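Notes follow once the structure below has been shown.
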Amino acid sequence: MARVISFSSGKGGVGKTSLVANLGCLYAGNGKKVLLIDGDWSLGKLAITLGVRPKFTIDKVLRGEVGLNDSIEKVRDGLGLLAAPSGRIGFEELDEATRNGLFFQLDQLSNGHDLILLDHSSGIHWGVLQFAAAAHQHVIVTTGEPTSYTDAYAIMKMLSKRFGVRRFGLLVTMSENQVETEKVISRFTDVVESQLGVLLSVIDIIPWEQKMAESIRHQQPFVERYPNHDVTRRFKRICSELERFPLNISAGLQFFRSSQTPITMGQP
Ligand SMILES: Nc1ncnc2c1ncn2[C@@H]1O[C@H](COP(=O)(O)OP(=O)(O)O)[C@@H](O)[C@H]1O
Ligand SMILES: [Mg+2]
């Protein structure tokens, strides 16, 4: 049964897709069977970031033209991708029956994988939150900008109040000043924990790295293009941190976790 990790952010362009692509490559390189799901159905860039052109996208599955299993694009050994239909209907616009049908099919896929990484569209659409709430681990991605934090707060508020998520990991990307970022997130963590009654742990602060955009232009994951770069070492550390990160007991959807016993978390 797969562990499902959700990557959310309030704002777009914070580096979620880059993170999911690179972490997926690293996990697969370590022998895990990994499925990446592009949940950003309007701007989905996961396939491009990984340098693949998928034969099928999720809309074909929804129309019943292809089975979910057959629509997984093999990126590498151990790394599969469910690609987003670009520019079509947003995931958040699916009606409930269709969405639940998709969840049900995804649940079946969970058995054949060790890890599922969800790359969401940005923002707090209800449909996106429902999808996110099905995960065992919640990573909130922000940049160092103040608006990025307020949006991240809004997502955690919804996921905690509406879906009972109690534990979040924070990944700050594109930091241009490590010391300054640390100060800001320390204050942010205090506010989130006291206001929302959740636990928020900082997983890492990834510096601004111009080569990240360059690797996307070359459609090659950063960790493969620059295997010895400091940022690649950080990505590896994030993989290990997430291995240890506690699982959520969420009051939300039971999909994905039907036969997995979550670790009990202390209440914050
Ligand atoms: N640490 C970083 N430093 C500099 N640029 C980054 C970093 N992480 C991501 N980027 C760049 O920012 C842009 C948006 O990243 P992306 O992963 O698509 O964000 P999101 O999925 O959150 O919208 C991309 O061009 C990407 O290369
Ligand atoms: Mg994205």
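Hey, can you tell me all the residues within region 194-218 that are buried (at least 16 other Cβ atoms within 10 Å of the Cβ) and over 30 Å from VAL52 (Cβ atoms)?
Selection gives LEU196, VAL198, LEU199, LEU200, VAL202.
Taking only pairs six or more apart or across chains, which ones have beta-carbon atoms under 6 Å, a first residue in region 9-34 that is closer than 25 Å to PRO146 by Cβ, and a second residue that is among the charged types (D, E, K, R) and within 16 Å of ligand 1 (Cβ to nearest atom)?
Partner pairs satisfying both residue conditions: SER9/LYS16; GLY10/ASP151; LYS11/ASP151; LYS16/ASP119; THR17/LYS45; THR17/ASP119; VAL20/ASP119.
What tally of residues in region 105-139 results from selecting those that are more than 16 Å from ligand 1 (Cβ to nearest atom) and out of contact with any Phe, Trp or Tyr (no Cβ under 9 Å at 6 or more places or on another chain)?
7
If ASP119 satisfies every condition in (1) out of contact with any Asp or Glu (no Cβ under 9 Å at 6 or more places or on another chain); (2) crowded, with 22+ Cβ neighbours inside 10 Å but one, which is the exception?
(1)
Restricting to region 172-217, and then to whatever is in contact with a Lys or Arg (Cβ under 7 Å, 6 or more places away or on another chain) and not in a helix (DSSP H, G or I), can you tell me which residue is farthest from ligand 2 (Cβ to nearest atom)?
Taking region 172-217 as the starting set, the residues that turn out to be in contact with a Lys or Arg (Cβ under 7 Å, 6 or more places away or on another chain) are 196, 198-199, 204, 206, 215.
Subset that is not in a helix (DSSP H, G or I): 198-199, 204, 206.
Values: VAL198: 24, LEU199: 26, ASP204: 18, ILE206: 15 Å.
The selected residue is LEU199.
Consider ALA47 against the criteria (1) under 29 Å from GLN178 (Cβ atoms); (2) in contact with a strand residue (DSSP E or B) (Cβ under 7 Å, 6 or more places away or on another chain): it satisfies all of them except one. Which criterion is unmet?
ALA47 satisfies every listed condition except (1).
Residues are listed down the side, and each one gets a yes or a no for (1) within 13 Å of ligand 1 (Cβ to nearest atom); (2) charged (D, E, K, R):
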{"residue": "PHE7", "(1), (2)": "yes, no"}
{"residue": "LYS11", "(1), (2)": "yes, yes"}
{"residue": "ASN22", "(1), (2)": "yes, no"}
{"residue": "LEU43", "(1), (2)": "yes, no"}
{"residue": "PRO54", "(1), (2)": "no, no"}
{"residue": "VAL61", "(1), (2)": "no, no"}
{"residue": "LEU68", "(1), (2)": "no, no"}
{"residue": "ILE72", "(1), (2)": "no, no"}
{"residue": "ASP77", "(1), (2)": "no, yes"}
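Rule-based calculations on the coordinates, nothing more; no lab input. Because the structure is predicted, anything quoted here is derived from the model rather than measured. Here the Cβ is made from the backbone with ideal geometry for all residues, glycine too, and neighbour counts use every protein chain on show.
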